[in-house]
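The values are calculated or read from the model by the stated rules, or taken from the named source; none is laboratory data. On a predicted model such as this, the values are computed, not experimentally measured, just so you know. Backbone-built Cβ (ideal geometry, glycine too); neighbour counts: all protein chains shown. SASA here: full protein model, heavy atoms, side chains in, ligands and nucleic acids out. Shrake-Rupley method; radii C 1.70, N 1.55, O 1.52, S 1.80 Å.
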Amino acid sequence: QVQLVESGGGLVQPGGSLRLSCAASGFIFSINTMAWYRQAPGKQRELVARITSGGVANYADSVKGRFTISRDNAKNTVYLQMNSLKPEDTAVYYCNTVMRYLDYWGQGTQVTVSS
């Protein structure tokens with residue numbers, strides 16, 4: 001079955017960096033578009049970044065220039081490098097893929113940006 005397991009979240013000060021990882025299994029990772037979403041308390045889940053099977057990435061305006069999504073098809077893993085973190089980046093971050101019109105999600109990893 002499809003499994004997405006996120007890791008790498010934590011508490012970081014404003015201006016700091018974190019790298020999130022999402023280990024995927026149960027499907028052909030290399031041909032799937034992968035994405036990171038986030039959900040802050042009281043807010044809707046929003047798309048942060050997406051990367052196609054060919055490595056084309058796109059980002060939410062709020063993270064452009066600060067976050068970088070990448071993938072390692074040999075390791076079935078997608079990453080989100082987050083730099084210059086701001087308090088408004090605080091959220092639970094989820095890994096996502098879509099297959100046959102169904103969304104698959106990981107369990108999420110908490111990122112808290114606070115001094």
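Hey, could you check the range 1-35 for residues that are under 19 Å from residue 73 (Cα atoms) and touching a Phe, Trp or Tyr at 6+ places or on another chain (Cβ under 7 Å) and say which is surrounded by the most Cβ atoms within 10 Å (Cβ to Cβ)? So, considering only residues that are under 19 Å from residue 73 (Cα atoms) and touching a Phe, Trp or Tyr at 6+ places or on another chain (Cβ under 7 Å), the one surrounded by the most Cβ atoms within 10 Å (Cβ to Cβ) is 20. Looking only at the range 69-103, residues that are open to solvent by 70 Å² or more (accessible area, probe 1.4 Å), part of a strand (DSSP E or B) and not charged (D, E, K, R) come to 2 in all. Applying the selection to the range 59-68, what residues are open to solvent by 50 Å² or more (accessible area, probe 1.4 Å) and either out of contact with any helix residue (DSSP H, G or I) (no Cβ under 8 Å at 6 or more places or on another chain) or aliphatic (A, V, I, L, M) (or both)? Once the filter is applied, which keeps residues that are open to solvent by 50 Å² or more (accessible area, probe 1.4 Å) and either out of contact with any helix residue (DSSP H, G or I) (no Cβ under 8 Å at 6 or more places or on another chain) or aliphatic (A, V, I, L, M) (or both), the range 59-68 yields 59, 61, 64, 65, 68.
Taking the criterion of being within 17 Å of residue 81 (Cα to Cα) and not in a strand (DSSP E or B), the residues of the range 21-68 that qualify are 52, 55, 56, 60, 61, 62, 63, 64, 65, 66.
Out of the range 104-115, which residues are open to solvent by 40 Å² or more (accessible area, probe 1.4 Å) and not in a strand (DSSP E or B)? Steps first, answer last, please.
Restricting attention to the range 104-115, the residues satisfying the condition of being open to solvent by 40 Å² or more (accessible area, probe 1.4 Å) are 104-105, 107, 110, 112, 114-115.
Answer for the range 104-115, where residues must be open to solvent by 40 Å² or more (accessible area, probe 1.4 Å) and not in a strand (DSSP E or B): 107, 114, 115.
So residue 38 clears everything in (1) without any contact (Cβ under 8 Å) to a residue 40 or more places away in the chain; (2) among the basic types (Lys, Arg); (3) crowded, with 16+ Cβ neighbours inside 10 Å; (4) under 21 Å from residue 115 (Cα atoms) except one condition, right? Which one? Of everything listed in (1) without any contact (Cβ under 8 Å) to a residue 40 or more places away in the chain; (2) among the basic types (Lys, Arg); (3) crowded, with 16+ Cβ neighbours inside 10 Å; (4) under 21 Å from residue 115 (Cα atoms), residue 38 misses just condition (1). The single condition from (1) under 15 Å from the mean Cα position of the chain (by Cα); (2) surrounded by 12 or more Cβ atoms within 10 Å (Cβ to Cβ) that residue 55 fails is (2).
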